[in-house]
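To start, the structure itself, in structure tokens.
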Amino acid sequence: MDFQGRQTRLRSQLDRHRLDSLLVTHLPNIRYLGGFTGSAGALLLTEEETIFFTDGRYTEQARSEVQCAKVVIGKKGALAAAASWMESRRRKMAYRVGIETDRLSAAAVSRLNESLPKHIRLRPAPPLVEQQRMVKDAEEVAKIRAAVLLGSLLFDRLIEVIRPGVPELEVAAELEYAAAKAGAEGMSFPTIIASGERSALPHGRASRQAIPSVGFVVCDFGVILQGYCSDMTRTLYVGRPPAEAKRFYDAVLAAQVAALEAVAAGRREEQVDRAARKLLQKRGLAKYFTHSTGHGVGLEIHEGPRLAAGQKETLRSGMVITAEPGAYIPGKWGVRIEDMVLVTDSGCEVLTPTRKDLIAI
Ligand code: ZN
Ligand code: ZN
């Protein structure tokens, strides 16, 4: 991973935002900038150097993982170590330190303030690392591809285990067991297996409910591989789908294809969302599409950009996003179809290879 390049690019942003340094506390951001995968740390990027702070539990891990940063092990935790490091260099330390306010508790900020000399001022920084992370480099894209392929492979297992009478939780467990055996470090989020009427719940986590003998089953899941997440949704039908179910499914599929066709570098986030919504509107289903069309995926399952109404960020080549329109009729049924795609100059490359026609079991 090009940690040096990432840090250099970030450093070049500081001046523009009137900052002398940036204190990074969001763990995925730390991993992105220095490679640390543990769960306690802080990274200070100054104009001259990068220092990573953690505590004694992570001494070995920090030494083996962290690259392109000096490692400091603190006795009282990462933030306290960062504060005392800044204090010890107060003469050389320039005074405007950006902090990730959305990622720090008010208590942590006030503790930091108390332990810092007066002339060092903490300033809320814009989400600079998150913005940088939106566009993936070649190594990241390769890792994401591998995660997406594994997710897609697991879908085959899912089709084998979904049968009437099997609890949703058991279906999810089989999927997650297969994921672990295939080398996944974990699931990117709690697996969604929502069958029958529950398919109308956009975030219907697998429950104790048994798969009914007829109806839709929404399956939304992802794996983490080499730190990168995958995310896909397919909706199956148990039994023989009536014409109304087929029409409903086809409408969502058409909306998903419309979203994919709207993706290209230079387009705005909201344009993709609008394309999907417009199609569902034509089929009289717009009011049942109750969430946004997609989101960025990378080290985190939900990151920028956000494909939703009113979002004006311009898509850039190298972004990895989902396209996942759905329609949900409460008490009846729901359908969602989700792929991951790589934004390119001319459009997009769909990374998820799984078929999208309605599979009946
Ligand atoms: Zn999903
Ligand atoms: Zn998603």
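What tally of residues in segment 173-194 results from selecting those that are in a loop (DSSP other than H, G, I, E, B), open to solvent by less than 60 Å² (accessible area, probe 1.4 Å) and over 20 Å from residue 295 (Cα atoms)?
Within segment 173-194, the subset in a loop (DSSP other than H, G, I, E, B) is 182-185, 188-191.
Okay, now just the ones that are also open to solvent by less than 60 Å² (accessible area, probe 1.4 Å), so 182-184, 188-189, 191.
Going one step further and asking which of them are over 20 Å from residue 295 (Cα atoms), we end up with 182-184.
The total comes to 3.
Yes/no matrix, rows are residues, columns are (1) touching a strand residue (DSSP E or B) at 6+ places or on another chain (Cβ under 6 Å); (2) of a type outside the set (S, T, N, Q):
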position	(1), (2)
262	no, yes
278	no, yes
297	yes, yes
303	yes, yes
307	yes, yes
311	no, no
315	yes, yes
318	yes, yes
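Pick out the one residue from 313, 349 that is more than 13 Å from ligand 2 (Cβ to nearest atom), in contact with a Pro (Cβ under 6 Å, 6 or more places away or on another chain) and either within 27 Å of residue 196 (Cβ to Cβ) or of a type outside the set (S, T, N, Q) (or both).
Values: 349 fails: in contact with a Pro (Cβ under 6 Å, 6 or more places away or on another chain).
Result: 313 is the single residue among 313, 349 that is more than 13 Å from ligand 2 (Cβ to nearest atom), in contact with a Pro (Cβ under 6 Å, 6 or more places away or on another chain) and either within 27 Å of residue 196 (Cβ to Cβ) or of a type outside the set (S, T, N, Q) (or both).
Results for (1) within 13 Å of ligand 2 (Cβ to nearest atom); (2) in a helix (DSSP H, G or I); (3) more than 18 Å from residue 134 (Cβ to Cβ); (4) free of Cβ contacts under 8 Å to residues at least 60 places away in the same chain, shown as yes or no for each residue.
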| site | (1), (2), (3), (4) |
| --- | --- |
| 235 | no, no, yes, no |
| 244 | no, yes, yes, yes |
| 248 | no, yes, yes, no |
| 253 | no, yes, yes, no |
| 301 | yes, no, no, no |
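Can residue 306 be described as part of a strand (DSSP E or B), in contact (Cβ under 8 Å) with a residue 12 or more places away in the chain and open to solvent by 30 Å² or more (accessible area, probe 1.4 Å)?
The answer is yes for residue 306.
From the residues in segment 219-233 that are surrounded by fewer than 24 Cβ atoms within 10 Å (Cβ to Cβ) and assigned to a loop (DSSP other than H, G, I, E, B), which one is farthest from ligand 2 (Cβ to nearest atom)?
Among residues in segment 219-233 that are surrounded by fewer than 24 Cβ atoms within 10 Å (Cβ to Cβ) and assigned to a loop (DSSP other than H, G, I, E, B), the one farthest from ligand 2 (Cβ to nearest atom) is 226.
Just to check your reading of the model, which residue among 170, 197 is in contact (Cβ under 8 Å) with a residue 12 or more places away in the chain, outside any loop (DSSP other than H, G, I, E, B) and either more than 15 Å from ligand 1 (Cβ to nearest atom) or open to solvent by 10 Å² or more (accessible area, probe 1.4 Å) (or both)? Break it down into steps so the answer makes sense when it comes.
Values: 170 fails: in contact (Cβ under 8 Å) with a residue 12 or more places away in the chain.
The unique qualifying residue is 197.
Here are some residues: 109, 97, 71. Which one is in a helix (DSSP H, G or I) and more than 25 Å from the chain's Cα centre (by Cα)? Can you show your working first?
Values: 97 fails: in a helix (DSSP H, G or I); 71 fails: in a helix (DSSP H, G or I).
Matching residue, one of 109, 97, 71: 109.
When you look at residue 145, is it closer than 26 Å to residue 190 by Cβ and either touching an Asp or Glu at 6+ places or on another chain (Cβ under 6 Å) or part of a helix (DSSP H, G or I) (or both), yes or no?
So residue 145 passes the test.
Return only the number of the condition from (1) without any contact (Cβ under 8 Å) to a residue 60 or more places away in the chain; (2) farther than 29 Å from residue 136 by Cβ; (3) of a type in the set (Phe, Trp, Tyr) that residue 36 does not satisfy.
(2)
Of these, 271, 256, 281, which one is within 24 Å of residue 342 (Cα to Cα), open to solvent by 10 Å² or more (accessible area, probe 1.4 Å) and more than 16 Å from the chain's Cα centre (by Cα)?
Details: 256 fails: open to solvent by 10 Å² or more (accessible area, probe 1.4 Å); 281 fails: within 24 Å of residue 342 (Cα to Cα).
Matching residue, one of 271, 256, 281: 271.
Could you tell me which residue of segment 112-134 is farthest from residue 27 (Cα to Cα), considering only residues that are part of a helix (DSSP H, G or I) and open to solvent by less than 70 Å² (accessible area, probe 1.4 Å)? Outline the logic, then answer.
Kept after step one, since they are part of a helix (DSSP H, G or I), are these residues of segment 112-134: 112-115, 128-133.
So of that shortlist, the ones also open to solvent by less than 70 Å² (accessible area, probe 1.4 Å) come out as 112, 115, 128-130, 132-133.
Working: 112: 18, 115: 22, 128: 14, 129: 11, 130: 11, 132: 15, 133: 13 Å.
Once the filter is applied, the top-ranked residue is 115.
Please determine, by comparing only the residues of segment 202-214 that are within 15 Å of residue 235 (Cβ to Cβ), open to solvent by 10 Å² or more (accessible area, probe 1.4 Å) and modelled with pLDDT of 95 or more, which one is farthest from ligand 2 (Cβ to nearest atom). First the steps, then the outcome.
Kept after step one, since they are within 15 Å of residue 235 (Cβ to Cβ), are these residues of segment 202-214: 202-204, 206, 211-212, 214.
Imposing the further condition that a residue be open to solvent by 10 Å² or more (accessible area, probe 1.4 Å) reduces the set to 202-203, 206, 212, 214.
Checking the rest, the ones that are also modelled with pLDDT of 95 or more come to 206, 212, 214.
Working: 206: 16, 212: 25, 214: 27 Å.
The extreme case among them is 214.
Take segment 135-167 and flag every residue that is free of Cβ contacts under 8 Å to residues at least 12 places away in the same chain and either open to solvent by less than 30 Å² (accessible area, probe 1.4 Å) or farther than 16 Å from residue 237 by Cα (or both).
138, 142 - these are the residues of segment 135-167 that are free of Cβ contacts under 8 Å to residues at least 12 places away in the same chain and either open to solvent by less than 30 Å² (accessible area, probe 1.4 Å) or farther than 16 Å from residue 237 by Cα (or both).
The values are calculated or read from the model by the stated rules, or taken from the named source; none is laboratory data. Values in this document were obtained by computation on a predicted structure and should not be read as measured data. Counting neighbours? That spans all protein chains shown, and the Cβs are built from the backbone with ideal geometry, glycine included. Side chains included, ligands, DNA and RNA excluded: accessible areas come from the protein's heavy atoms. Shrake-Rupley method; radii C 1.70, N 1.55, O 1.52, S 1.80 Å.
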